[in-house]
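In what follows, a single structure is set out as structure tokens and then discussed.
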Amino acid sequence: MPHRILIADDEPLARERLRRLVQDLADCEVCGEAADGQQVLHEVAKCGPDIVLLDIRMPGMDGMETAEQLTRLENPPAIIFCTAYDQYAIEAFRVQAVDYLLKPVRREALAEALERARKLNRVQVEALREKTSTDDSETCLAIRNHRGTELIDLAHILYCQADQKYVTIFHDAGEAVTDFTLKELESNHPDTFLRIHRQTLVARQRISGLQRDAQGQYRVRLRGTTARPDVSRRHASDIRQWLTGRGLTEDSDD
């Protein structure tokens with residue numbers, strides 16, 4: 001299976017040249033292109049590349065900021081910087097870049113860098129392929145907010161709660177507000193989320209049990225948080241059945 005490569009550069013001619021170089025190499029294919037940092041994050045969430053060829057000086061979020069976000073992912077792509085400037089080499093090591101190529105990128109240098117990336121990233125690539133072989137075609141969400149674009153690993157999400165027009169995603173590092181609807185999240189990631197309420201989805205892998213208070217209200221226990229999202233009466237029987245099938249328990253507080 002060829003390695004999937006994302007090309008990120010704000011210059012169309014530079015992207016086209018890298019595309020031609022990659023297409024001439026065996027076991028490599030270009031899965032997408034991006035002209036700035038935010039587009040990189042969206043494309044990574046969309047197509048899950050194994051390797052990103054990343055320019056540093058791009059408008060808005062530059063290559064270094066983009067690389068820092070990518071390194072926070074559970075299975076980050078390998079990063080190879082392709083730039084006309086040599087003063088960022090030390091910073092490149094800080095964000096764990098596999099290589100640092102100066103423009104114009106030579107075919108032989110690119111081939112060596114990609115081979116090094118394949119070797120170093122093999123374990124991560126296999127893990128990523130295993131995850132993407134399920135119905136969930138993406139491993140993370142690209143969320144637009146007032147700071148720009150934020151990538152959130154699906155594996156780090158606890159639950160999602162709707163409030164009027166927006167949905168708040170609660171995850172291990174905090175929370176993020178998105179204009180994704182619960183219906184979109186549920187249909188796009190059926191193996192990740194379980195509906196427990198008209199306004200709430202929870203991460204299936206985080207569920208540790210179900211509890212009921214003295215008033216008969218059901219709540220879901222989640223690993224990694226003290227929050228206990230409410231379960232609606234409509235969904236209670238489905239949740240109990242799902243828990244039973246996985247050997248999880250129902251507790252009573254009364």
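The values are calculated or read from the model by the stated rules, or taken from the named source; none is laboratory data. What you see is a predicted model; the values in this text were computed from it and never measured. Methodologically, a virtual Cβ is constructed for each residue, glycine included, from the backbone with ideal geometry; neighbour enumeration extends over all protein chains shown.
Considering (1) farther than 30 Å from GLN38 by Cβ; (2) in a strand (DSSP E or B), say which one ILE239 fails and leave the rest.
Checking ILE239 against (1) farther than 30 Å from GLN38 by Cβ; (2) in a strand (DSSP E or B), the one that fails is (2).
Counting just the residues of segment 189-215 that are assigned to a loop (DSSP other than H, G, I, E, B) and within 26 Å of the chain's Cα centre (by Cα), which one comes out surrounded by the fewest Cβ atoms within 10 Å (Cβ to Cβ)?
Once the filter is applied, the top-ranked residue is ARG198.
Tally up the residues in segment 163-183 that are in contact with a strand residue (DSSP E or B) (Cβ under 9 Å, 6 or more places away or on another chain) and not in a strand (DSSP E or B), please.
Here the count works out to 6.
Taking the stated definitions as given, is PRO59 surrounded by fewer than 19 Cβ atoms within 10 Å (Cβ to Cβ), at pLDDT 90 or above and not in a helix (DSSP H, G or I)? Talk me through it step by step, then tell me what you get.
Numbers: surrounded by fewer than 19 Cβ atoms within 10 Å (Cβ to Cβ): yes; at pLDDT 90 or above: yes; not in a helix (DSSP H, G or I): yes.
Yes: the conditions hold for PRO59.
Would you check if ARG204 is of a type in the set (Lys, Arg), touching a residue at least 12 places away in the same chain (Cβ under 8 Å), farther than 26 Å from ILE143 by Cβ and outside the structural domain of LYS46 (by TED's automatic domain parsing)? If you could, list the steps in order and put the result at the bottom.
Values: of a type in the set (Lys, Arg): yes; touching a residue at least 12 places away in the same chain (Cβ under 8 Å): yes; farther than 26 Å from ILE143 by Cβ: no; outside the structural domain of LYS46 (by TED's automatic domain parsing): yes.
Taking the combined requirement at face value, the residue does not satisfy it.
I need the full set of residues from segment 195-250 which are among the basic types (Lys, Arg) and closer than 19 Å to ALA162 by Cβ, in order please. Break it down stepwise before answering.
First, the residues of segment 195-250 that are among the basic types (Lys, Arg): 195, 198, 204, 206, 212, 219, 221, 223, 228, 233-234, 240, 246.
The answer is ARG195, ARG198, ARG204, ARG206, ARG219, ARG228, ARG233, ARG234.
Might you let me know whether segment 75-92 holds any residue that is surrounded by fewer than 15 Cβ atoms within 10 Å (Cβ to Cβ) and under 28 Å from MET1 (Cα atoms)? Write out each step before concluding.
Within segment 75-92, the first condition is being surrounded by fewer than 15 Cβ atoms within 10 Å (Cβ to Cβ), and the residues that meet it are 84-87, 89-90.
From the residues that got through so far, the ones that are under 28 Å from MET1 (Cα atoms) too are none.
No, because not a single residue in segment 75-92 is surrounded by fewer than 15 Cβ atoms within 10 Å (Cβ to Cβ) and under 28 Å from MET1 (Cα atoms).
Consider GLU74 against the criteria (1) at pLDDT 85 or above; (2) assigned to a loop (DSSP other than H, G, I, E, B): it satisfies all of them except one. Which criterion is unmet?
The number of the failed condition is (1).
Give the residue that is nearest to ARG106 (Cα to Cα), with candidates limited to residues of segment 46-56 that are crowded, with 20+ Cβ neighbours inside 10 Å and in contact (Cβ under 8 Å) with a residue 40 or more places away in the chain. Spell out how you get there, then give the answer.
The first filter runs over segment 46-56 and keeps only residues crowded, with 20+ Cβ neighbours inside 10 Å, leaving 48-56.
Now narrow it down to the ones that are in contact (Cβ under 8 Å) with a residue 40 or more places away in the chain: 48-55.
Details: GLY48: 26, PRO49: 22, ASP50: 21, ILE51: 17, VAL52: 17, LEU53: 13, LEU54: 15, ASP55: 15 Å.
Taking the candidates together, the pick is LEU53.
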